[in-house]
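FYI, it's all coordinate maths here, none of it is from the lab. Being a predicted model, the structure only gives us computed values, none of them experimental. In this analysis, Cβ positions are derived from the backbone assuming ideal geometry, glycine residues included, and neighbour counts consider all displayed protein chains.
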Amino acid sequence: MPGTHYKRILLKISGESLMGDDSYGIDVGTVDRIASEISQACNLGIQLCLVIGGGNIFRGLAGSAKGMDRTSADYMGMLATVMNALAMQNSLERIGVQTRVQSAITMTSVCEPYTRRRAIRHMEKGRVVIFAAGTGNPYFTTDTAAALRASEMACEALFKGTKVDGVYDKDPYKHDNAEKYQTISFQDVLTKNLKVLDASAISLARDNDIPVIVFSITEKDAFLKVLNGDNNSSTIIN
């Protein structure tokens, strides 16, 4: 199976994808479905780590735009990612997948503090590691956290699961004539100012030569299909 050539990958899941058909919060059925696909990916022999956004609960940028202090708003967004990480851990462990949550903000009552060497050891033992609280710093998105952790974990690829099935030249929800890129370079993403990832995340992935595969995680089994060679996605490479 084509997907089995990956030894270690990072899966970035947007917080909005955990809402299911709801307009806010966490839909348990959707989390369970994604957890099942992660479990099947682990059965392929892939070492897997995750970063989950917090947009289904709170977005720091949105809070800042409404007058909140940006730093405080970003910390609130980080706490939202911890809630999502714990929800995913619960779903994974209910189906027998050993999981560890590591937070960039220390909160030992609910999860481990982030430690690079311990995270790598967890994955080597077959555990899924979920990195929560972003980078632990305001002004950085969870996309940047995903690129950073993928670099630190020496991942072979970063899979970004979102509501859109790839990289487009314009928003496909607003423009019927939006064209999808099957493959695009990091430099072109920056030059064309495409909003698939923020500039910091793109630069990190580019500098560490980590390809980014963008796909729609809202579609059933999409993650497994992309792992196994389905081209219903876009790849960003050097």
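See the values below:
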| quantity | calculated |
| --- | --- |
| Sequence-distant residues sharing a close amide H with ILE130 (under 5 Å, placed H) | LEU50, ARG100, VAL101, GLN102 |
| Placed amide H near ARG8: partners under 5 Å, 5+ positions off or other chain | GLN47, GLU156 |
| Separation in nanometres of the label points that stand 7 Å from Cα toward Cβ, at TYR24 and LYS170 | 3.3 |
| Computed lengthening from GLN40 to LYS66, 0.36 nm per intervening residue step minus Cα-Cα distance | 5.2 nm |
| Mean-position separation - Cα centroids, the stretch 31-57 and the stretch 58-101, in angstrom | 15 |
| Span-rule helices in the chain, defined as complete DSSP H runs reaching 27 Å or more along the axis (Cα) with Kyte mean at least -0.5 | 70-94 |
| Computed label-point distance, nm, for sites VAL110 and ASP230 using a 7 Å Cα→Cβ extension | 3.3 |
| Calculated FRET value between LYS163 and ASP188, using beta carbons and R₀ = 25 Å, to 0.05 | 0.70 |
| Neighbourhood charge, 10 Å Cβ-Cβ cut-off, centred on LYS225 and excluding it, Lys, Arg +1 and Asp, Glu -1 | -3 |
| Calculated FRET value between GLU219 and ALA199, using beta carbons and R₀ = 25 Å, to 0.05 | 0.35 |
| Efficiency of FRET between ARG118 and GLU93 - r from beta-carbon atoms, R0 25 angstrom, step 0.05 | 0.85 |
| Summed residue charge, Cβ within 15 Å of ALA178's Cβ, Lys/Arg positive, Asp/Glu negative | +1 |
